1. Quick one: Ser68 ticks every box in (1) touching a residue at least 40 places away in the same chain (Cβ under 8 Å); (2) within 21 Å of Ala249 (Cβ to Cβ) except a single one, so which number is it?
2. Of all residues in region 135-165, which are assigned to a helix (DSSP H, G or I) and open to solvent by less than 10 Å² (accessible area, probe 1.4 Å)?
3. Across region 500-544, what is the number of residues that are over 30 Å from Pro82 (Cβ atoms) and either of a type in the set (Ser, Thr, Tyr) or in contact with a His (Cβ under 6 Å, 6 or more places away or on another chain) (or both)?
4. Looking at region 394-406 only, could you name the residues that are touching an Asp or Glu at 6+ places or on another chain (Cβ under 9 Å) and modelled with pLDDT of 95 or more?
5. So which of Arg296, Arg357, Arg344, Arg327 is under 21 Å from the mean Cα position of the chain (by Cα) and more than 30 Å from Asp414 (Cβ to Cβ)?
6. Could you list all residues from region 217-246 that are surrounded by fewer than 17 Cβ atoms within 10 Å (Cβ to Cβ), under 18 Å from the mean Cα position of the chain (by Cα) and in contact (Cβ under 8 Å) with a residue 60 or more places away in the chain?
7. On the given criteria, is Ala438 at pLDDT below 95, open to solvent by 80 Å² or more (accessible area, probe 1.4 Å) and either part of a loop (DSSP other than H, G, I, E, B) or in contact with a Pro (Cβ under 6 Å, 6 or more places away or on another chain) (or both)?
8. Kindly provide the set of residues from region 237-272 that are in a helix (DSSP H, G or I) and of a type in the set (Val, Ile, Thr), ordered by number.
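The values are calculated or read from the model by the stated rules, or taken from the named source; none is laboratory data. All values reported here derive from a predicted model rather than from experimental measurement. All Cβ positions, even for glycine, are placed from backbone atoms using ideal geometry, and neighbour counts span all protein chains on display. Only protein heavy atoms, including side chains, enter the accessible area calculation; ligands, DNA and RNA are left aside. Shrake-Rupley method; radii C 1.70, N 1.55, O 1.52, S 1.80 Å.
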Amino acid sequence: MGQIPEDTIQTIRERVDIVDLVGRQVNLKKAGRLWKGLCPFHNEKTPSFVVTPERDSYHCFGCGEGGSAFSFLMRHEGLTFPEAVRSLAAEVGVVVPERGDGQQRGVIEALLRACEEAQHFYRKSLRSDAGRGAREYLAARGLSLDDAEHHGLGFAPDSWDGLVSALRREEIPAEVGERAGLLRARDRGGHYDMLRGRLTFPIQDARGRVVAFGGRALGEGQEPKYLNTTESPNFHKRGTFYGMPQALAAIRKRGRAILVEGYFDRIALERAGRAEALATCGTALSDAHAKSLRRRTQEVVLLFDGDEAGAKATLRALELLLPEGLRVRAAALPAGVDPDDFLRIEGPDALAALIDRAPPALELAIERATKGGALTPFARADAVKAVAPLLARVRDAVERGEFTRQLAFRVGCDETEAKAAVQAALRKASRMGDGAAADEPEPALELARESAEDRHYATALRLIFVHGATCEALEQGALLEHAPDADWRALTEKLFAARGARPLVALLDELEPGLPRTRLSAILNAPRPDLDDQDAQSASRILADELAWLARRFDQREARATTQTFRQDGKDSSAFLRRKQQQIEARRSDAHIEARRGDSHRAGSRATGS
């Protein structure tokens, strides 16, 4: 790829809303000037991940990960920097100049374009004569052509090369269509359409880009009933939800996600006014799905079919969701009825009420385990044994204790016996690494691991480069000399070199992963109301105090080093005394300068009447 002009990158950076971008993957809540949430890059129970919109950056004070909108996309989607820039450019309507001949736009972009053209082809086919049967099928399910348009539904004609030809007309190689999962290669050469004679559902990533398709059979004897396009670099069904971009705003608003099993179920929930619904893409719920939900919400409502398979799916979902610290509810549908059926039979208000009144899923698990009555010691033991492994996965100790008491009450056993069973399940799961709720140590805050010198030096850099504070005594050489270590010196040199030339977040993009980059990210994003609300004069005064502190600490280190050197060789006492005298005079000079600064500040305060 050719080099992208810096002014183009800056234009994109200014147009991208980093809170919106990160918020597609993380459930962010406003905290003063920052937005806070659980880090998407490591497991944590207490949010230590912040987004600072005024500086277009983010940082996790648990794992140290930080950067800009570009680096977030690179980290989350595995893109290169040019790919991330071009991806966001397309989203915010910025044209990226292409330099050089025969440049490749990258595999990801090529596959996305193939899926986009496939979506156009399928939607057009639904409105054609060939799509009449598909339209009649939708009408029988209560969906009009406008409804289909709203949800992006389409039709894959019952031909072998309809999409092959459509992609060829757009000059998209069949090999790209194959890698995107849309086509399959023939044994004797050539390609054919993956989906044929099926209603199509576009599967999108969190940014609304089509990455795959689900297809519902329409013909008699057509198997399987549902078929997805194959996995690709853009589509991994074990971590992808159908309806994610449409659900994100509602998930943030309601503070929950509703999990259903089928594409039509997800559409039914949106029609009932519950747009926070998500569906898995033709696969069972996975740990990747659970982690994706944890980043976006704290509560999940399960709405599975009201049959034995649905009940088992609920229990399996609990095994995956509870270890992520999610609070799980389950709405009980009538036997043999799925959410789409319930909507058609009972109406949208009844479906919405069923969801809103959903009890904790663990209560249903306890009810299921005790429905036989638990009348004998064996039955009681079996009921406790069935539920204890689920309770062992509840991360919150208070919640775990309350559900354990409920289990004991419903079974009719002593509470201490139920607690013992849960503790045994905890130990077993912990040994097996099977999602035990044993307390995990929280990662220490990145800034808390720094020394006092690190904190004072970071404050000085923030005052200079973020708040524009100045100090008469400030010289680059002196600041570098007082740097606590080589990484601070390297960062300081880069900050001075870039000063005034471009935003600090641009420097953040340029720095290689390492301690200097982590420190700059923390400086940009650390909540410091004691600094943020200061005027220029006050910020400069605080800076002077920080520099004086660093100078004193530097002198103390030098004095200790001199003494240590003398103790180790003990030969030249005259040199040692001369060096000690120089250090004493330097400290006196610093004290004199600081006293004059204090007198000047007091005189200025009297002059202004403050």
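1. (2)
2. The initial filter retains those residues of region 135-165 that are assigned to a helix (DSSP H, G or I), namely 135-140, 145-151, 162-165.
Scanning region 135-165 gives Leu138, Ala148, Leu163.
3. 3
4. So the first thing to find is which residues in region 394-406 are touching an Asp or Glu at 6+ places or on another chain (Cβ under 9 Å), and the list is 395, 397, 403-406.
The answer is Phe403, Thr404, Arg405, Gln406.
5. Details: Arg357 fails: under 21 Å from the mean Cα position of the chain (by Cα); Arg344 fails: under 21 Å from the mean Cα position of the chain (by Cα); Arg327 fails: more than 30 Å from Asp414 (Cβ to Cβ).
One residue alone meets the criteria, Arg296.
6. Result: Pro245, single match.
7. Against the criterion (at pLDDT below 95, open to solvent by 80 Å² or more (accessible area, probe 1.4 Å) and either part of a loop (DSSP other than H, G, I, E, B) or in contact with a Pro (Cβ under 6 Å, 6 or more places away or on another chain) (or both)), Ala438 does not qualify.
8. Step one: list which residues in region 237-272 are in a helix (DSSP H, G or I), which gives 237-239, 244-254, 263-271.
Of everything in region 237-272, those that are in a helix (DSSP H, G or I) and of a type in the set (Val, Ile, Thr) turn out to be Ile251, Ile267.
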